[in-house]
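J.: Input: one structure, supplied below.
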Amino acid sequence: MTYSYPLTSLYGDYIRSVIGVLFMGTPLYFSMGTIFLTVIFGGLTLLFLVFGIRTGIRHVTVVEASADAIATVGPLGRRIAWGDVVKVDLKYFSTRREKTGKGWMQLKVWSGSGSLQVESNLEGFDQVAAKVATAAFQSGAEMNETTVENFTAMGVTVDLPEEDDG
């Protein structure tokens, strides 16, 4: 299956990036004579510019979850075979103090040679997370308690293969 980040879920990030570049770039332009202000506003402008580039990369990235691997196809593409998964981390970031439903999740999958990361605004994130959880449990990948709790909170259930006792 192929999944992508819908433009509607990235609008906010694009807007934040443009506003940040404008609000920090304008004082940068007028502070070119003062080294201290140039460094401060230049650094902040660069931060928002990098955030915008990162959002653009997510916009053109496609996530493929096949029977044998998970892959991101795009400028920073990476492929991890399900059997090579050594660690999985699923984090929940709340935007409210109560941690009730408002927020986003970040799923990071490691292999021996690298990692890939997807966020919950990916269309089909639940299906990708379920496939990653299944692969992680089957291969005995490292997962912390929070990751297992987050999978459970998402309603991800894993059907492990039956072990033969004899």
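J.: Through the Karplus equation 6.51 cos²θ - 1.76 cosθ + 1.60, θ set to phi - 60°, convert the phi angles of region 132-137 into ³J(HN,Hα) values in whole Hz; use x for Gly and Pro.
T.: 5, 4, 4, 5, 5, 5
J.: Between region 55-118 and region 1-37, what is the C-alpha centre distance in whole Å?
T.: Computed from Cα coordinates, the inter-centre distance equals 23 Å.
J.: Please order T146, T55, T95 by the number of other Cβ within 10 Å, starting at the fewest.
T.: Working: T146 12, T55 18, T95 9.
In increasing order of surrounding Cβ atoms, one gets T95, T146, T55.
J.: By how many degrees, 0 to 90 and rounded to 10, does the Cα axis of helix 145-154 deviate from the longest principal axis of the chain?
T.: It is inclined by approximately 90 degrees.
J.: Can you count the Lys pairs in the chain whose Cα atoms are under 16 Å apart, with each pair 8 or more apart or on different chains?
T.: Final tally of qualifying lysine pairs is 6.
J.: Name the residue from A135, F48, L107 whose Cα lies farthest towards the positive end of the charge dipole of the chain, charges +1 on Cβ of Lys and Arg and -1 on Cβ of Asp and Glu.
T.: Looking along the dipole axis, the top candidate is F48.
J.: Now for a different question. Considering the options S4, S17, S94, tell which one lies farthest towards the positive end of the dipole of the chain, charges being +1 on Lys and Arg and -1 on Asp and Glu at the Cβ, about the Cα centre.
T.: About the Cα centre, the residue reaching furthest to the positive side is S17.
J.: Something else now. Counting other beta carbons within 10 Å of each Cβ, put M105, M32, M154 in order, fewest first.
T.: M32, M154, M105
J.: Would you mind computing, in nm to one decimal, how far apart the modelled labels at F51 and S94 are, each placed 7 Å from Cα along Cα→Cβ?
T.: Taking the two extended label points, one gets 2.3 nm.
J.: Pairing the Cα long axis of helix 35-60 with the longest principal axis of the chain, what angle in degrees results, from 0 to 90 and rounded to the nearest 10?
T.: 40 degrees
J.: Right, something else. Cα axis of helix 7-30 to longest principal axis of the chain: angle in degrees, 0 to 90, nearest 10?
T.: Approximately 30 degrees, to the nearest ten.
J.: For G124, what charge total do you get from the other residues with a beta carbon under 15 Å from its beta carbon, if Lys and Arg give +1 and Asp and Glu give -1? All intermediate terms of the calculation are to be shown ahead of the outcome.
T.: Numbers: positive: R58, K131; negative: E64, E119, E123, D126.
In short, -2.
J.: Looking at the chain from every direction and averaging, what is the projected area of its Cα convex hull in nm²?
T.: Details: hull surface 51.2 nm².
The directionally averaged projection comes out at 12.8 nm².
J.: What FRET efficiency, computed as 1/(1 + (r/R0)^6) with R0 = 25 Å and r the Cβ-Cβ distance, is obtained for W104 and T26, rounded to the nearest 0.05?
T.: So, using R0 = 25 Å, E works out to roughly 0.25.
J.: Oh, and also: How much mean residue ellipticity at 222 nm does the chain get from its helices, if each DSSP H run of length 4 or more adds -39500 (n - 2.57) and you divide by all residues, to the nearest 500 deg cm²/dmol?
T.: The per-residue figure over the chain is -15500 deg cm²/dmol.
J.: In the neighborhood of V63, defined by Cβ-to-Cβ distances under 12 Å, what is the net charge if each Lys or Arg adds +1 and each Asp or Glu adds -1?
T.: +1
J.: Test of understanding: in a Gaussian network model of the chain with alpha carbons linked when under 10 Å, which of F23, F51, F151 would top the mean-square fluctuation ranking?
T.: Ranking F23, F51, F151 by mean-square fluctuation puts F23 first.
J.: Which value, in debye to the nearest 20, describes the size of the charge dipole of the chain about its Cα centre when Lys and Arg Cβ atoms bear +1, Asp and Glu Cβ atoms bear -1, and nothing else is charged?
T.: Dipole magnitude for the chain comes out near 1200 debye.
J.: Between A153 and A67, how many nm apart are label points set 7 Å from Cα along the C-beta direction?
T.: 3.5 nm
J.: For M1, M24, what ranking results if the residue with the fewest other Cβ atoms within 10 Å of its Cβ goes first? Let's see the in-between values first.
T.: On the way: M1 11, M24 20.
The fewest-first ordering by Cβ neighbours comes to M1, M24.
Bear in mind these aren't lab numbers, they're just calculated from the coordinates by the rules spelled out. This is a predicted model, so every value here is computed, not measured. All Cβ positions, glycine included, derive from the backbone under ideal geometry; neighbour counts span all protein chains shown.
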